[in-house]
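Input: a single structure, listed below in structure tokens.
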Amino acid sequence: MTQHVEKAAIFNKPAYPASEAAYILNLPPATVKAWSFGQTRRDDGRVSFKAVIRAADTRKKLLSFANLCELHVLAVTRRVHRVSLPKVRDSVEYLRSELGVDRPLIDRQFKTNGIDLFVEHASKLLNVSRQGQEALRGEFELALARIERDNQGNPIKLFPYSRTSDRAATQPKSVVIDPRLSFGRPVLTHSAVPTEVIYDRFQAGDSLEDMALDYNVDEKEIEEALRFEQRRAA
């Protein structure tokens, strides 16, 4: 029991500033901050709207691995329909009520019947076509496929997108976020080498071939790590 609690704590530990979560998930920093911590009006300090997810540490403005997975799934709504935050929050709160869970977007029920509930509710708010609904449902399924779970259904690994232009269905899983590896920072899936190290070596003049030999991976894995890191450099 103690071991299970300690394991769960790793995945819920506050560890990521919003800016780092934005880089990992390829989302605008302002979007991550709004979804995670809400927004206030600059003139009077009043809350404009509440956060969509429940951040691990709202005082220090830090997110957990579980929060990263939630944001990863939420990003689908931006990618397909660019849904406004109030409408997303309304749909997530509807899911919380219907499924009776704290984190509906990453709960195991979301994959079975939660997607349909979300799409149905969001569609009423968005007035999207049936084709648009199918696109949203498909993107949710692809996003969930990039989250690896343990036997209890809890998220333990996230494979973020490394490419900005390719369709989600064709994206490789060369980079992984695993709180048990490198303090939860992006690493190569098959060798656990931090992508930042690969980028630094490339900047220093090391070739893809040399790094692939050093880490015993295919050159394509090195390429994906560089694609992932070059987003941050940009």
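The values are calculated or read from the model by the stated rules, or taken from the named source; none is laboratory data. What you see is a predicted model; the values in this text were computed from it and never measured. For neighbour counting, all protein chains shown are included, and Cβ atoms are generated from backbone atoms with ideal geometry for every residue, glycine included.
A few points about this structure:
- Single residue of ARG96, ARG103, ARG89 found to be modelled with pLDDT of 85 or more, farther than 15 Å from VAL76 by Cα, of a type in the set (Lys, Arg) and in a helix (DSSP H, G or I): ARG96
- Scan of the stretch 163-207 for residues that are in a loop (DSSP other than H, G, I, E, B) and either among the aliphatic types (A, V, I, L, M) or closer than 15 Å to LEU68 by Cβ (or both), ordered by number: ASP178, PRO179, ARG180, LEU181, ARG185, PRO186, ALA192, VAL193, ALA204
- Number of residues in the stretch 143-157 that are free of Cβ contacts under 8 Å to residues at least 60 places away in the same chain and either surrounded by 17 or more Cβ atoms within 10 Å (Cβ to Cβ) or of a type in the set (A, V, I, L, M, F, W, C) (or both): the value is 2.
A quick yes/no check of all residues on (1) in contact with a helix residue (DSSP H, G or I) (Cβ under 8 Å, 6 or more places away or on another chain); (2) under 30 Å from ASN12 (Cβ atoms); (3) aliphatic (A, V, I, L, M); (4) assigned by TED's automatic domain parsing to the domain that holds LEU85:
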{"site": "ARG137", "(1), (2), (3), (4)": "yes, yes, no, yes"}
{"site": "ARG146", "(1), (2), (3), (4)": "yes, yes, no, yes"}
{"site": "ILE177", "(1), (2), (3), (4)": "yes, yes, yes, no"}
{"site": "LEU188", "(1), (2), (3), (4)": "yes, yes, yes, no"}
{"site": "GLN203", "(1), (2), (3), (4)": "no, no, no, no"}
{"site": "MET211", "(1), (2), (3), (4)": "yes, no, yes, no"}
{"site": "ASP218", "(1), (2), (3), (4)": "yes, no, no, no"}
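- Residues of the stretch 219-234 that turn out to be free of Cβ contacts under 8 Å to residues at least 12 places away in the same chain and either under 25 Å from the mean Cα position of the chain (by Cα) or at positive phi (or both), as a count: 1
Here's the yes/no breakdown for (1) surrounded by fewer than 17 Cβ atoms within 10 Å (Cβ to Cβ); (2) at pLDDT 95 or above; (3) among the acidic types (Asp, Glu):
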| residue | (1), (2), (3) |
| --- | --- |
| ILE115 | no, no, no |
| PHE118 | no, no, no |
| SER129 | yes, no, no |
| VAL193 | no, yes, no |
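- Residues (surrounded by 14 or more Cβ atoms within 10 Å (Cβ to Cβ), out of contact with any Asp or Glu (no Cβ under 9 Å at 6 or more places or on another chain) and among the basic types (Lys, Arg)) located in the stretch 44-103: LYS61, ARG78, LYS87, ARG89
- Filtered by the rule that a residue be without any contact (Cβ under 8 Å) to a residue 24 or more places away in the chain and surrounded by fewer than 18 Cβ atoms within 10 Å (Cβ to Cβ), the stretch 104-113 gives GLN109, THR112, ASN113.
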